[in-house]
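Here's the structure, in structure tokens; my notes come after.
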Amino acid sequence: MQSHSKLERFKVSKEELTKLGEKFNSEALSLVKNLYNTSYWILLNKKSTKKIIKQTFFEAIENCNVTKASANWQSWIFRIWMREILDFYSKKEDDTQTIFDFIDYAELDSKDIISIINSSKIESSISEDELIKSLEKLPSVLRIPMIMKEINSFNYEKIAELIDVPVGVIATRIYRARKLLFLSFNMSFFYEDEKRKWKQRESTKLIFALRKCTLIVDDELTQEQKLAFFESTKNNSRYENELLIQETMKKLLKNCSSNDSSIARLKSKIERKAGKKFNQH
């Protein structure tokens with residue numbers, strides 16, 4: 001049985017509920033579409049996307065008593081949503097301990113890169129189905145932060161906070177996600193085969209330099225840091241090619257969206273749930 005003080009802590013007056021409802025309408029409802037799009041390109045499945053968005057907003061509404069009228073709906077919803085996404089994949093994949101260094105060492109020259117871009121129609125007419133098939137080849141541990149960055153424009157610090165890992169780890173994962181996505185368009189590259197035959201090289205420090213390509217593309221470095229990077233990699237075609245891969249994949253994902261007509265219906269369900277909770281109807 002809960003103590004009297006604990007019950008009092010979660011007790012919300014009608015006035016507080018009204019304020020919570022007003023803040024929900026102004027701060028939370030506008031998140032539905034973007035979170036739906038982000039979830040869809042992470043999960044690549046409309047049914048699972050609808051389920052997670054519904055669970056996220058319903059839980060936020062039901063448990064708003066915890067935060068009372070001081071609630072930051074955006075932060076509250078993002079935390080619940082991230083937990084739902086990570087829980088979903090914890091039951092399906094176990095790639096958190098995989099050594100992904102083989103992605104770093106997959107080196108392509110400029111001719112190879114241009115050939116892959118042209119043959120796969122990456123920059124012209126790739127279909128949504130083709131893109132989904134390529135994204136499905138990425139392990140969720142890499143795909144999640146990349147999609148959070150590209151579709152919802154979360155910065156690295158926010159992604160790191162939600163996933164609960166250091167910012168440097170997020171930079172590494174986004175670099176590898178884009179690189180692996182690009183490699184998936186190369187018909188001679190097979191992810192599972194490469195992962196299985198990988199033998200760790202002498203040094204794993206290569207990633208610390210390579211992930212700066214991602215930080216530059218995402219404008220996460222200061223001007224001074226950018227200049228230092230370009231000075232240290234001057235006349236090194238490897239880094240020019242890595243930057244091209246990162247930029248190409250960023251452009252590919254830039255305009256991804258879901259035109260699912262069910263978003264409006266889902267939003268209506270959430271509004272009805274909120275109305276009942278906050279006595280607005």
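The values are calculated or read from the model by the stated rules, or taken from the named source; none is laboratory data. Please read all numbers here as calculations on a predicted model, not as lab measurements. With ideal geometry, Cβ positions are generated from the backbone for all residues, glycine too; neighbour counts draw on all protein chains shown. Please note that ligands, DNA and RNA were not included when accessible areas were found on the heavy atoms of the full protein model with its side chains. Shrake-Rupley method; radii C 1.70, N 1.55, O 1.52, S 1.80 Å.
At 4 °C and 1.567 mPa s, what whole-number value in µm²/s does Stokes-Einstein give for the translational diffusion of segment 200-281, with Rh from the Kirkwood sum over Cα pairs? D, rounded to a whole number, is 77 µm²/s.
Helical runs assigned H by DSSP (4 residues or longer) give the chain a calculated mean residue ellipticity at 222 nm of -20500 deg cm²/dmol, each run adding -39500 (n - 2.57) before division by the residue total.
The residues of the chain have, on average, 54 Å² of accessible surface per residue, using a 1.4 Å probe with all protein chains present.
In units of the rule-of-thumb radius 2.2 N^0.38 Å, the chain shows an alpha carbon radius of gyration of 1.16. The fraction of accessible area contributed by carbon and sulfur in the chain is 47 percent, rounded to a whole number (1.4 Å probe; ligands and nucleic acids excluded).
Quick one: angle between helix 237-254 and the longest Cα principal axis of the chain, in degrees between 0 and 90, rounded to 10, please. The angle comes out at about 30 degrees. Of the trypsin sites (Lys or Arg not before Pro) in segment 206-262, the ones in a loop by DSSP (not H, G, I, E or B) with at most 15 other beta carbons within 10 Å are K234. Rg of the Cα atoms in segment 84-136, relative to 2.2 N^0.38 Å, amounts to 1.57.
K92: which lysines have alpha carbons under 22 Å from its alpha carbon, excluding same-chain residues fewer than 8 sequence positions away? Correct list for K92: K46, K47, K50, K51, K54, K133, K137, K195. Compared with the dominant Cα axis of the chain, that is its longest principal axis, helix 32-43 is turned about 40°. Legend: translational diffusion of segment 145-281 by Stokes-Einstein, Rh = Kirkwood radius over C-alpha pairs, 20 °C, 1.002 mPa s; D = 120 µm²/s.
Top mean-square fluctuation among E240, E84, E231, Gaussian network model of the chain, C-alpha springs under 10 Å? Evaluated over the chain, the most mobile residue of the options is E231.
Between L227 and L206, residue separation times 0.36 nm minus the direct Cα-Cα distance comes to 5.6 nm.
Computed from Cα positions, the angle between helix 206-217 and the longest principal axis of the chain comes to roughly 60 degrees.
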